[in-house]
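Structure first, commentary second.
What follows draws every value from the coordinates through simple rules; no lab data is involved. In this text the structure is predicted, and so the values were computed from the model without any measurement. Neighbour counts are summed over all protein chains in view; Cβ atoms, including those assigned to glycine, are modelled from backbone coordinates with ideal geometry.
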Amino acid sequence: MDFDWMKIPYSLLTLFIVVNYGMILNAFIQKIGARVGRRHGIPIWQNYADLIKNYSIRSSITHGVMFYLGPVFRLSGGVGLLLFVPTIYGSYMFSNMSFAGDLILALYFVFFGTLGMALGAAESGHPHAAIGITRGLSQVTAAELPFALAVFAVALQYQTLSVTDIVAAQQGSFLNWTLFTNPLAVTAAMLSFLGSMMRPPFDVVLAPQEIPIGPPTEYHSSYLALMQTNRAIFPIAKIVIYMNLFFGGAASWPVFFLKVFCIYMISVLVGVVFPRFRVEQSIRWFLIWAVPVGILAVVLV
Amino acid sequence: MKPELEKRIVRTPDGQEFEVDPLRDYYCEAAPTVMPAAYGKIVEDLFNWARSQSLWILGFGTGCGAIEMRPLMTPRFDAYRYGVQWRPTPRQANLFIISGYLSTKTLKRAIRSYEQMQNPKYVVGLGSCTINGGMYWDSYNTIKCLDQYLPVDLYITGCMPRPEALLQGFEDLKKLIRAGKCEGANKYSENFDWYKANQKQVIHDWDMPDYNW
Ligand code: SF4
């Protein structure tokens, strides 16, 4: 088999850039949210301090093997998602491990982390974790449905399952973006995007004020730090997919940073304006508003 | 001892029988161990800086002083900009603020929450009630000197202290942490027997293991 070993350090470099960008972006987004509430919010380096602190905690306890694996699964979900889609289009260095059928794999990875988390949190035996998981899984499932439909629509439209080919088809002018060639699919996917970014109005699962913090109730020290690392990677990885599928991909890092920021801002804008939904409300919302748009998109293609 | 904590035989729907001993099965009883700073000076300094910059408070209000923490979360005082955040679960928190008088009933819960927190952990006593009993100095039902039950790193005086005083307290605590002087958890494990004896002196219905985490 012909494997290009140079890809490994390049992928690690991508990962490094994305982790740091994600950490700073998350803090920045939180600052924007705080400014809307007339606060100053956390300092921009706060996430680094939290992360180092959690790694530096001396004691940690475990509830069994799955408890260890939960955060590991979650992290590998985020990293896998990032590594199997081309981060920068047309660049040999940063196209990572993308291959012909990667779209399906990416869909799988989106769900993988949540599932691993569910197993791990269930092992912790904490009732709050169990409730949090039930709520989280039902909401994520409802939110993924329109996204999956949109992805099918896009795959049908371009007749390929390779993310690279889809990006290639959108080059040229921005009028070639899926956003303009297939607005229905993009609408459905963006509605689902709101649901999976863990920001209001769909953040009831992880909100500290709700059934205390949901799934990660029992997680602490390095386990929590792993999950925090994932919190930096996962949104970016997810946005990269959206960017590649719907917004023409990015051909260089500045364009990448800008597009990721803008796509993230969509969920932030919605988040600061609308109050939080309860789980059953948000599921109903997805089924009523997002899924029909997705079905329509598939049918029209 | 409460009946639900006693040893008993449980019968499952399909007829199996097994023994449940809640105190042993649901808690881990091993006493805490001293965990000294394990790395070299430079790494520990970095860690201490991170610990001081990320104080996660356990959201557990005991006396009247808890009311002073709410303005800290809102725009007026906004403690988040100093790296202070509130966590809903003791597993993730590293700062426990005893915000005022502790009745013996609450003390029991406070001890349990404290013991569930992970090793570098700090306790701040807020208000005169935690120092010498304050205006409850002759109450039959509250503890007078928090120091005897939990290792306190810092006291903030006043009845009740203003949020500004709390912010100043956080800054002082940060200085202590950066200097590596906040080893309350290790102090607790070193003098474990003394603390337990004191705790059991005031808590008469002791129905939990000696150490639960
Ligand atoms: S110090 Fe004063 S304000 Fe604080 S708990 Fe005691 S009586 Fe209440």
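Normalised Debye scattering of the protein assembly as shown at q = 0.07, 0.09, 0.10, 0.12 Å⁻¹ gives log10 I(q)/I(0) of -0.46, -0.72, -0.86, -1.14, counting only Cα atoms as equal scatterers and leaving out solvent.
Can you compute the charge dipole magnitude of region B:40-202 about its Cα centre, using +1 on each Lys and Arg Cβ and -1 on each Asp and Glu Cβ, nothing else charged? Give it in debye, rounded to the nearest 20. Present the calculation step by step, with values, prior to reporting the outcome.
Values: 21 positive and 14 negative charges, 81 e Å.
About 380 debye.
Just counting partner chain Cβ atoms within 10 Å, what average do the residues of peptide B:79-89 show around their Cβ?
Numbers: counts 1, 9, 8, 4, 7, 1, 4, 2, 5, 10, 11.
Taking the mean over all residues of the peptide, I get 6.
Inter-chain neighbour count for A:55-64: the average number of beta-carbon atoms from partner chains within 10 Å of each residue's beta-carbon is 6. Tell me the angle of helix B:41-53 to the major Cα principal axis of chain B, expressed in degrees between 0 and 90 and rounded to the nearest ten. The angle comes out at about 90 degrees.
Dipole of the protein assembly as shown computed with +1 at Lys/Arg Cβ and -1 at Asp/Glu Cβ about the Cα centre; of A:LEU115, A:GLY195, A:VAL268, farthest Cα towards the positive end is A:VAL268.
Note that region A:156-170 has calculated 3J(HN,Hα) couplings of 5, 4, 9, 6, 8, 10, 9, 4, 4, 5, 5, 5, 4, 5, 9 Hz, one per residue in order, obtained from phi through the Karplus relation 6.51 cos²θ - 1.76 cosθ + 1.60 (θ = phi - 60°); glycine and proline are x.
Take every DSSP beta bridge whose two residues both sit in region B:89-213, then give the antiparallel share in percent to the nearest 5. Show your work: numbers first, answer last.
On the way: 1 of 8 bridges.
Percentage antiparallel, nearest 5: 10.
Taking the Cα centre of region A:7-300 as origin and charging only Cβ (+1 Lys, Arg; -1 Asp, Glu), how large is the dipole, in debye to the nearest 20? For region A:7-300, the charge dipole is close to 720 debye. With a 10 Å cut-off around each Cβ of A:44-52, the average count of Cβ atoms from other chains is 4. For region A:7-300, lysine pairs with C-alpha atoms less than 24 angstrom apart, excluding pairs fewer than eight positions apart on the same chain, total 5.
Couplings for region A:268-281, taken from phi via the Karplus curve 6.51 cos²θ - 1.76 cosθ + 1.60 with θ = phi - 60°, read 5, 4, 4, x, 6, 8, 9, x, 6, 8, 6, 4, 5, 5 Hz in order; Gly and Pro are left as x.
Can you tell me the order of B:98-105, B:15-22 when each peptide is scored by its average per-residue count of other Cβ atoms within 10 angstrom, highest first?
On the way: B:98-105: 22.5, B:15-22: 9.8.
Ranked from most to least packed, the peptides come out as B:98-105, B:15-22.
Rounded to the nearest 20, the Cβ-based charge dipole of the protein assembly as shown about its Cα centre (Lys and Arg +1, Asp and Glu -1) stands at 1320 debye.
I'd like the distance separating the alpha-carbon centroids of region A:8-52 and region A:216-247, in whole Å. Here the answer is 11 Å between Cα centres. Mean projection of the Cα convex hull over all viewing directions, computed for region B:40-202: 9.1 nm².
Spatially, region B:40-57 and region A:147-200 are offset by 44 Å when compared through their Cα centroids. What is the angle, in °, between the Cα long axis of helix A:46-56 and the longest principal axis of the Cα atoms in chain A? Nearest 10 is fine, range 0 to 90. Once rounded, one gets 60 degrees. Remark: region A:11-20, residue by residue, has Karplus-estimated 3J(HN,Hα) of 5, 4, 4, 3, 4, 4, 4, 5, 4, 5 Hz, where x stands for each Gly or Pro and the curve is 6.51 cos²θ - 1.76 cosθ + 1.60 at θ = phi - 60°. In this structure, the residue pairs whose Cα-Cα separation is over 21 Å, taken from B:LYS41/B:LYS181; B:LYS108/B:LYS144; B:LYS105/B:LYS187; B:LYS108/B:LYS174, are B:LYS105/B:LYS187; B:LYS108/B:LYS174.
Taking Cα atoms only, the orientation of helix B:192-202 departs from the longest principal axis of chain B by about 80 degrees.
If both residues of a DSSP beta bridge must be in chain B, then about 30% of such bridges are antiparallel. Comparing B:MET160, B:THR62, B:CYS129 along the charge dipole axis of chain B, the residue lying farthest to the positive side is B:MET160, per the Cβ-charge model. The convex hull built on the alpha-carbon positions of region A:7-300 has an orientation-averaged projected area of 14.9 nm².
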